Structure formats: C-alpha cells, structure tokens
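What follows draws every value from the coordinates through simple rules; no lab data is involved. Predicted model, so just to flag it, every value in this text is computed and none were measured. All Cβ positions, glycine included, derive from the backbone under ideal geometry; neighbour counts span all protein chains shown.
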Amino acid sequence: MQGYSIKVKISDCKDTLLYLNHYFERGIINDDTARRNPDGYFIFEGKTKLDEGLYYISSDSKKRYIDFFITGNQDISFEYDGAGRVKGITTSDSIENRNYFKFLAYLQSNADLKNQALNDSVQYLLNHTDLNNPFIKQIHDKPGKSLSLNEKYIKACISPAVYQHYYLNQKRDAIQAPFGIFLDHFFDNFDFSDARLINTPVFTQRLDEFIDTVSAIPGLSMKAEVDRLIALSAAGKRTHEFVAWHLISRFKTYYFLPEYEELYVHIVKDFLENGKIAWYYPIVRERELAQASKFESILIGKTAKNLEIPDTAGIFQSLYSVKARYTLLLFWASTCSHCRDEMPSFIKFYKDFHKEYDLEIFAVSTDTSIVRWKSYVHRHQLPWTNVFGRKGLQSYFHLYNIQSTPSIFLLDDKKTILAKYLKLEEFGEKIRKRELGNRK
C-alpha cells in the first residue's frame, strides 16, 4: 500500500467526526479527519504515507480515545469499546500495535490500576514506566537493535531518575563524580539513531529535562554538556538536525538568560552555519543566521555598538562620548507602565552610584511620541542623558535586539558589556563586586 488507511470503530462514540493527530515537540499536529460511515466506522485515508511515530484519535469535544503507532504497514484497523480498557481494543495488520496494547493491558492488570482508563497512555507511561515492573525490565534489558518502535518508546519513557542513587547523597554546591555519572547515563535508554522517536512526546520532554538538570547544577559547563548531547544525537542524521533545532528554539526563547543566549549563538554559528549539522527547517536558515548575529554582537564581553541619538534639545549625543567608569544603557518608554513603576528606583540607583562609582545613565526612549517623551523627562527631571531612539542615526532596535522595555545593559569605561537583563539591585551588586575585586 502506497498511502495509509486507518479504520476505527468506537462502540459508544457519540461523535460524527474524529481527528487523527500525531505527537511533535510538546504539542500535537492534526493529520486528518474522518466522518462516521453507515457501518459505524471512521476511515482515515491518504495517498501519501504518514510520518512514522505515535498517533492518537480525538473528537470535537477534545476527548482522547487511544494512542497507537503508525509504522511500515499503514493499513491499520481498530475496534475499541471507548471505555479506556485495553481489552476492548482489537487490531488487524499491525504487529506493532498488538504488542503495544498487550503491554498496556499488562500494566492495567496491576491491582492498583484495575479501574483506571488508559485513554491517555502517554501521560501514564511517562509517570509509571518503572524498572521494578518485570515487563519493562525485560524491554530495558533487550538488545537495542532488536527493539521495535513501541519498545524503544517504552524504554525511553523510563525516567533517568532510576539513577538517582548515584547522587542523592551529594550536595549541589559542588560538581562531584556522581553528578557526572547521572548526566552520563541520562540518555542510556534513548535510541538517537531512530528518528521516529521524534514523533513521540518523550523525545523533547527528555531533552528539556536534561537542559533543566544541567542548568540546576552550579558551576557545570552547560556548553560542554550541550555539545555532548549534540554529539550523542549524531547517531541519526534526522535526530542530529532535530536536536540542534530544538535547542536553538529553546535557548532563543529564553535569550534573557546570558548563558542561554551564548548557547543559541554557539549552536547556530558553530554547528549550523558551517554545515556541521544540516538545518531541520532550511526555510528558517537566513532568519536564524540574522538573529544569531544580533545576539552575538551583544554577548557579555563584547563591545557595545555606538549610538548617536538626539536629546531633548535636539543635540545628538553619542554613547561612546559618555566618559564614565560605568554606563547603564537603558531602553525604556514613557508609555511602558513597568518602566514608569521602576523610574523612582532608577533615580535612586543613579544617586547611589553616580558619584561613588562614577556611573552615568544613557537612556534611550522607545516612545513613538517625542512630545510625550519630552514631557515625561521634564516633569520627572530625569538627571541623566535622555535621547529619543527613533531619531537616532543607528537602529537601536536591531543593534541591541530590543524585545521589551525596560532593557538594561551595564558597560565599563571601554564600553564593554559587563551584564544585562538583570534587576537594578543585581547591577549594583555587579558593580560593587567588581570594584572590590579591583582593589585587591
């Protein structure tokens, strides 16, 4: 068969329309719809094969019926009693699903679960796949090359927490061998060579859990761990591409965390731009390269780009002309309620640090109304350099990748970026610690 045919009958289903969906990332993608025929069947059909992975049937009312696998033979038939009991499901022409349902039935036979429906076997497996279960232990110990897709999925659902005995007695204030052991074993149950696992919910969940774990260990090099994850994923070309794509998406989303921003630039520039890893979505290549270049230019340690912008008198002021040991580069707007709420704190910060630490503030307004901006500056007597960003000779938006206000950068006397995206008190701590270090 060239395409797919999935025939479903649900005995107590009141719906006349059902949906076929597959898992991707932490969401779902709708693939097809089917109406009930006179015989009570819903038939999903297409001339092109579906991507292999884990699928489920849902209704207009968002009810989930059953998860199942689509693999090589895409001529599948189900009869399902709709009560969430695995014993009510029969299949034909799908060894993959017969084995998967057999596994679910085994789990459901547990005395504690006899009355539990498994409409959402995904969440159940992620929460209950335990090595203490003999069936799961058998799959865990089975040679990887002999595993079917459903077995690979079940094995991947085994939480890395089964290795917690390596590190539970350790403190999180230092990196010790057991932490390394835990991270080294994090993906033991993963088959990165099988790209079909991408279309299961466990794939991205484990990737995110790994990043969360690495982020929580003080002093650990996230770059080294991310590089190791990328190297592991190279077991399969498609998984290699997907892991890189997922990581840049996550790190770009949380760009305001300096280490994440650096990792985003690192993956794009060191892996994707030079072709070490192909693009999972080639259509986004130019967009991501442009975005990575913006991020790269404002990484901590880089020299801030100059800005030449007119002040309230229409006189152009240059960021590079500010002569101070520290410069707080502030992007704000008088229409931004958060900026207005914070303005008394900025004024106090300026008074506390201006003379004692030789600090100046170069405040770039992102307002659209020059009249409103001038009125606010004069009314509140803001005591630093105030400029109107939209009249500048350079685009502050592109040079500093301003996504929201207030956005704050701390610069030294050479206009090197020392810190950014912090709270005011954190900038103050940075300055004090730096000065204390300089005196030693």
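Less than 5 angstrom separates the built amide H of residue 354 from those of 359, all sequence-distant by 5 or more or on a different chain. Centre-to-centre, using Cα atoms only, the range 373-440 and the range 205-235 are separated by 32 Å. FRET efficiency for the pair residue 79 and residue 132, taken as 1/(1 + (r/R0)^6) with r the Cβ-Cβ distance and R0 = 35 Å, rounds to 0.60.
Net charge near residue 316, counting Lys/Arg +1 and Asp/Glu -1 over other residues with Cβ under 15 Å of its Cβ? Net of charged neighbours comes to 0. Against the chain, whose longest principal axis comes from its Cα atoms, helix 95-108 is set at around 80 degrees.
Where only DSSP H runs of four or more residues are counted, the chain gives -11500 deg cm²/dmol as its mean residue ellipticity at 222 nm, each run worth -39500 (n - 2.57). Summing Lys and Arg as +1 and Asp and Glu as -1 over all other residues whose Cβ lies under 11 Å from the Cβ of residue 304 gives a net charge of +4.
Each of 153, 260 was scored by other Cβ atoms within 10 Å of its Cβ. Listed from fewest to most, they are 260, 153.
Ordered by the count of other Cβ atoms within 10 Å of each Cβ, fewest first, 55, 23 give 23, 55. Amide H contacts for residue 416 (H built 1.01 Å from N in the peptide plane; partners 5 or more residues away or on another chain; cut-off under 5 Å): 304. To the nearest ten degrees, helix 285-297 and the longest principal axis of the Cα atoms of the chain are 40 degrees apart.
Sequentially through the range 65-75, phi angles give Karplus couplings (6.51, -1.76, 1.60; θ = phi - 60°) of 9, 7, 8, 7, 9, 10, 10, x, 7, 9, 9 Hz, Gly and Pro residues having no value and appearing as x.
Between residue 142 and residue 109, the simple spin-label model (points 7 angstrom out along Cα→Cβ) gives 1.6 nm.
Centre-to-centre separation between the Cα atoms of the range 286-364 and those of the range 1-74: 54 Å. Cysteine residues of the chain whose Cβ has no partner cysteine Cβ closer than 4.7 Å: 13, 157.
Once you have a ≥ b ≥ c as the square roots of the Cα gyration tensor eigenvalues for the range 167-297, tell me rounded if a/c is under 1.5, and otherwise prolate or oblate according to whether a/b is larger than b/c. Judged from the Cα gyration tensor, the range 167-297 comes out oblate (a/c at least 1.5, b/c at or above a/b). Determine the shape class of the chain: with a ≥ b ≥ c the square roots of the Cα gyration tensor eigenvalues, call it rounded for a/c under 1.5, and otherwise prolate if a/b is greater than b/c, oblate otherwise. Taking the square roots of the gyration eigenvalues as a ≥ b ≥ c, the chain is prolate.
Applying 1/(1 + (r/R0)^6) with R0 = 25 Å to the Cβ-Cβ distance of residue 375 and residue 318 gives a FRET efficiency near 0.50.
Could you give the size of the charge dipole of the range 308-439 about its Cα centre, using +1 on the Cβ of each K and R and -1 on the Cβ of each D and E, expressed in debye and rounded to the nearest 20?
My answer is approximately 40 debye.
Could you check the spin-label model distance between residue 414 and residue 296? Points 7 Å from the Cα along Cα→Cβ, value in nm. Each label point lies 7 Å from its Cα, and together they span 2.1 nm.
Give the lysines reachable from residue 63 as a straight Cα distance under 16 Å; neighbours fewer than 8 places away on the same chain don't count. Leaving aside lysines fewer than 8 places away in the same chain, those within reach of residue 63 are 9, 14. The relative contact order of the range 297-398 comes to 34 percent, based on Cα pairs under 8 Å that sit 6 or more residues apart. Note on residue 257 and residue 436: their simple-model spin labels are 2.6 nm apart, each label 7 Å out from Cα toward Cβ.
Counting neighbouring Cβ atoms within 10 Å and putting the fewest first, the residues 129, 33 line up as 33, 129. Couplings 3J(HN,Hα) for the range 363-371, derived from phi with the Karplus relation 6.51 cos²θ - 1.76 cosθ + 1.60 (θ = phi - 60°), are 9, 9, 7, 9, 4, 9, 10, 5, 5 Hz, where x marks Gly and Pro. Seen against the Cα atoms of the chain and their longest principal axis, helix 201-216 is set at about 40 degrees. Oblate is the label for the range 5-64, because a/c, from the alpha-carbon gyration tensor with a ≥ b ≥ c as root eigenvalues, is 1.5 or above and a/b does not exceed b/c.
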